Amino acid sequence: MEKLSLHQFKAGLIMTLAGSFLLFLFSWIIGKDQLFLLLNEDLGKGTDYLFIFFTFLGDGIWWIPLLILFILFRRQFLPLLLFSFAFSEIFIESFKYFILPNEPRPITAIADTKLIHTVAGVELHTIASFPSGHSTQAFVFFLLACLMIDKKWIVAVGFIYAAWVGFSRIYLAQHFPRDVAGGMLFAGISVLLSVLIYQKWFENKKALQ
């Protein structure tokens, strides 16, 4: 019977939470706006297109193929996927639309918008900044990959993928670094809670057999 790669998940979770802590810390030390402007610097047209691609890799549409893959190849772990989706969406929607519904995004919060690098064709949102939904989802995908794929390289490769998705949200002027930090934090909590619930559910099921 296949098992979860908990050792890899632990490593991925530590990296995710540590990254979140550092982003929160530097946002506090340097300043929310200043850190954003530092990371939002124009790096050229090629980089613009690169980060448009990476931000797409954190889109919610990827839950659909992931669901299909779990149904086809990891059906026994399907509850884990569903719990992760549910918890992450609860965090995202609660903060964006109830707890901090009018939290301004960079284009609204920074008075001198000429300082902000924007990318042609990217529609800038103005409110509901915290947390970054794309970052939350990308790090949930990363942590699920750590659990499902028992290969050492998945931790490094997966973290780089998720981090680039998070950075793309800053580069495209959609979020502050602390929004990305919040996404990382909520992703870690969501998958951790899902693992704990799944293990409890699985152990109870096994005990009844």
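The values are calculated or read from the model by the stated rules, or taken from the named source; none is laboratory data. Everything quoted here is computed from the prediction, not taken from an experiment. Using ideal geometry, Cβ is built from the backbone for each residue, glycine included, and neighbour counts are taken over all protein chains shown.
Looking for something without any contact (Cβ under 8 Å) to a residue 60 or more places away in the chain, closer than 30 Å to GLN34 by Cβ and touching a helix residue (DSSP H, G or I) at 6+ places or on another chain (Cβ under 8 Å) - is there at least one such residue anywhere in the range 111-119?
So in the range 111-119, the residues without any contact (Cβ under 8 Å) to a residue 60 or more places away in the chain come out as 111-114, 118.
Keeping just the survivors that are closer than 30 Å to GLN34 by Cβ gives 111-114, 118.
Applying the additional criterion that residues be touching a helix residue (DSSP H, G or I) at 6+ places or on another chain (Cβ under 8 Å) yields 113, 118.
Yes - at least one qualifying residue is present in the range 111-119.
Listed conditions (1) surrounded by fewer than 15 Cβ atoms within 10 Å (Cβ to Cβ); (2) over 17 Å from the mean Cα position of the chain (by Cα); (3) more than 17 Å from ALA163 (Cα to Cα) are all met by ASP33, apart from (1).
The helices (runs of 4 or more DSSP H) located wholly in the range 115-209 that include 3 or more residues which are in contact with an Asp or Glu (Cβ under 9 Å, 6 or more places away or on another chain) occupy 133-148, 153-171. Can you tell me which residue in the range 26-67 is nearest to ARG169 (Cα to Cα), limited to those that are small (Gly, Ala, Ser) and in contact (Cβ under 8 Å) with a residue 12 or more places away in the chain? Across the range 26-67, the extreme among qualifying residues is GLY58. Examine the range 38-59 for a residue that is exposed (fewer than 12 other Cβ atoms within 10 Å of the Cβ) and either of a type in the set (Asp, Glu) or modelled with pLDDT under 95 (or both), and state whether such a residue exists. So far as the range 38-59 goes, yes, one or more of its residues are exposed (fewer than 12 other Cβ atoms within 10 Å of the Cβ) and either of a type in the set (Asp, Glu) or modelled with pLDDT under 95 (or both).
Being under 20 Å from CYS146 (Cβ atoms), free of Cβ contacts under 8 Å to residues at least 24 places away in the same chain and either surrounded by 19 or more Cβ atoms within 10 Å (Cβ to Cβ) or among the charged types (D, E, K, R) (or both) is true for just one of PHE87, PHE91, PHE70. Which residue is that? Within the list PHE87, PHE91, PHE70, the selection yields PHE70.
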